[in-house]
Amino acid sequence: MNTAQKLDKIKSALPEQITLVAVSKTQSVQAIREAVKAGQQHFGENRVRELVEKAQALRDPSLQWHMIGHLQRNKVKHIAAFVSLIHAVDRFSLLEEIDRQAAKHKRVIPVLLQLKIAREASKFGLSELEILDLLQCEQTHALQNVEIKGLMGMASFTENRAQITAEFRRLNDFFYRLKADYELVIDKARFTEKSIGMSGDYKLAIRCGSTLVRIGSAIFGPRG
Ligand SMILES: *Cc1c(COP(=O)(O)O)cnc(C)c1O
């Protein structure tokens with residue numbers, strides 16, 4: 001199957017309201033062009049330099065660029081002008097820097113908070129308690145140029161479908177608990193996104209409430 005056929009196949013399994021982010025990390029600009037030709041507009045990268053280079057090479061204002069990887073504070077300035085959504089915010093200092101850089105460009109940058117759902121010690125992310133603290137704290141409220149749109153999570157690297165499902169459900173449950181049970185400094189009505197699901201587990205993620213799936217290898221083939 002070519003890229004267009006793979007995209008079609010994935011899209012046919014996605015409910016319409018779910019956004020497909022094509023994860024193009026390590027893939028060529030030409031590969032991205034093929035996906036664009038097939039109608040794909042959302043692309044995800046996990047390295048700042050690659051994200052900037054590809055966005056500049058494609059120069060297409062209809063494309064939406066997602067930063068899906070761990071982000072260092074000193075690199076925010078390179079993407080602040082154009083990034084559509086930053087998925088993996090995992091500390092207040094990063095949120096503050098995104099706000100600062102967004103203000104320079106007179107824009108509001110949408111972000112997601114990364115909830116740690118995987119069992120592995122290596123995965124980044126905040127605990128539920130840390131997210132609660134962040135969403136209840138006046139310092140967060142004071143940030144005018146970031147908008148916290150929801151949560152992002154990465155399941156454990158495992159073949160165990162039951163475990164992956166449990167981890168996605170935990171994110172989904174926590175998302176709704178946040179909206180229902182807590183007094184938050186953010187606008188709950190605009191807290192709408194759950195970024196869960198990759199090539200191997202997006203069908204599970206959809207059943208667990210995903211609103212954004214991040215799919216790489218199932219679209220572009222294996223990474224080199
Ligand atoms: C690489 C990556 C993906 C996509 O992974 P695939 O298994 O190729 O679909 C999704 N999310 C993040 C954060 C990634 O780094």
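Taking 8 Å as the Cα distance limit and 6 or more residues as the minimum spacing, I'd like the relative contact order of segment 81-123 as a percentage.
Values: 35 pairs, mean separation 21.3, N = 43.
Answer for segment 81-123 is 49 percent.
Would you mind telling me the antiparallel percentage of the DSSP bridges in the chain, rounded to 5? Before the final figure, lay out the partial values.
Values: 0 of 25 bridges.
In the chain, approximately 0 percent of DSSP beta bridges are antiparallel ones.
With every protein chain left in place, what is the accessible area per residue of the chain in square angstrom, probe 1.4 Å?
Values: 11070 Å² over 224 residues.
In whole numbers, the chain has 49 Å² accessible per residue.
How long are the semi-axes of the equivalent ellipsoid of segment 25-137, taking √(5λ) for every eigenvalue λ of the Cα gyration tensor, in whole Å from largest down? Walk me through the numbers before you get to the answer.
Working: eigenvalues 141, 60, 27 Å².
The three semi-axes for segment 25-137 are 27, 17, 12 Å.
Order the following by accessible area, largest value first: Leu95, Leu14. Probe radius 1.4 Å; ligands, DNA and RNA are ignored.
On the way: Leu95 0, Leu14 25 Å².
Putting Leu95, Leu14 in descending order of accessible area: Leu14, Leu95.
Only loop residues by DSSP count here, and only those with at most 12 other Cβ atoms within 10 Å; note down the GluC sites (Glu not before Pro) in segment 127-224 that meet that. Numbers along the way, then the final one.
On the way: sites: Glu128, Glu130, Glu138, Glu147, Glu159, Glu167, Glu183, Glu193; in loops: Glu159, Glu183.
Passing both the DSSP loop test and the Cβ count: Glu159, Glu183.
Are there chymotrypsin sites (Phe, Trp or Tyr not before Pro) in segment 169-221 that DSSP puts in a loop and that have at most 14 other Cβ atoms within 10 Å, and which ones?
On the way: sites: Phe174, Phe175, Tyr176, Tyr182, Phe191, Tyr202, Phe220; in loops: Tyr182, Phe191.
Filter output for segment 169-221: Tyr182.
Would you work out if the chain is rounded, prolate or oblate? Take a ≥ b ≥ c from the square roots of the eigenvalues of the alpha-carbon gyration tensor; rounded if a/c is under 1.5, else prolate when a/b is larger than b/c, oblate otherwise. Write out the running numbers ahead of the final one.
On the way: a/c = 1.80, a/b = 1.18, b/c = 1.52.
Oblate, because a/c is 1.5 or more while a/b does not exceed b/c.
Let me check something: with ligands and nucleic acids excluded, how do Thr26, Thr211 order by accessible area (1.4 Å probe), largest to smallest? Don't skip to the answer; put the middle values down first.
Numbers: Thr26 80, Thr211 30 Å².
Correct descending sequence by accessible area is Thr26, Thr211.
Sort out for me the Cα centre separation of segment 88-130 from segment 148-187, rounded to whole Å.
Between the Cα centres of segment 88-130 and segment 148-187 lies a distance of 15 Å.
Hey, what did segment 109-190 get for relative contact order, percent, Cα under 8 Å, at least 6 apart? Mind dumping the intermediate values first?
Values: 95 pairs, mean separation 31.5, N = 82.
Worked out over segment 109-190, it gives 38 percent.
State the number of lysine pairs found in segment 80-224 whose Cα atoms come within less than 30 Å, restricting to pairs 8 or more positions apart or on distinct chains.
Taking segment 80-224 as the scope, the lysine pair count is 26.
Which FRET efficiency, nearest 0.05, do Tyr176 and Ala31 yield, Cβ-Cβ r, R0 45 Å? All intermediate terms of the calculation are to be shown ahead of the outcome.
Numbers: r = 37 Å, r/R0 = 0.82.
With R0 = 45 Å, the Cβ-Cβ based efficiency is 0.75.
On the accessible surface of the chain, probed at 1.4 Å, how many percent belong to carbon and sulfur atoms?
Working: 5360 of 11070 Å².
C and S atoms contribute 48 percent here.
Excluding Gly216 itself, what net charge comes from residues whose Cβ is under 9 Å from its Cβ, given Lys and Arg +1 and Asp and Glu -1? Don't skip to the answer; put the middle values down first.
Numbers: positive: Lys25, Arg214, Arg223; negative: none.
Local charge sum for Gly216: +3.
For an R0 of 35 angstrom, estimate the FRET efficiency from the Cβ-Cβ distance between Gln64 and Ser127 and round to the nearest 0.05.
On the way: r = 30 Å, r/R0 = 0.84.
It comes to 0.75.
Which whole-number percent is the relative contact order of the chain (Cα, under 8 Å, 6+ apart)? The partial results should precede the final answer.
Values: 394 pairs, mean separation 44.7, N = 224.
Value for the chain: 20 percent.
Rounded, prolate or oblate, given the Cα gyration tensor of segment 73-125, with a/c below 1.5 counting as rounded?
Details: a/c = 2.71, a/b = 2.33, b/c = 1.16.
Because a/c hits 1.5 or more and a/b exceeds b/c, segment 73-125 counts as prolate.
Could you list which residues have their amide H under 5 Å from that of Val23, counting only those 5 or more apart in sequence or on another chain, with H placed in the peptide plane?
The list, which skips near neighbours in sequence, is Gly44, Ile215, Gly216.
The values are calculated or read from the model by the stated rules, or taken from the named source; none is laboratory data. Since the structure is predicted, the reported quantities are computational estimates derived from the model, not experimental observations. In this analysis, Cβ positions are derived from the backbone assuming ideal geometry, glycine residues included, and neighbour counts consider all displayed protein chains. The area values use the complete protein model at the heavy-atom level, side chains included, leaving out ligands, DNA and RNA. Shrake-Rupley method; radii C 1.70, N 1.55, O 1.52, S 1.80 Å.
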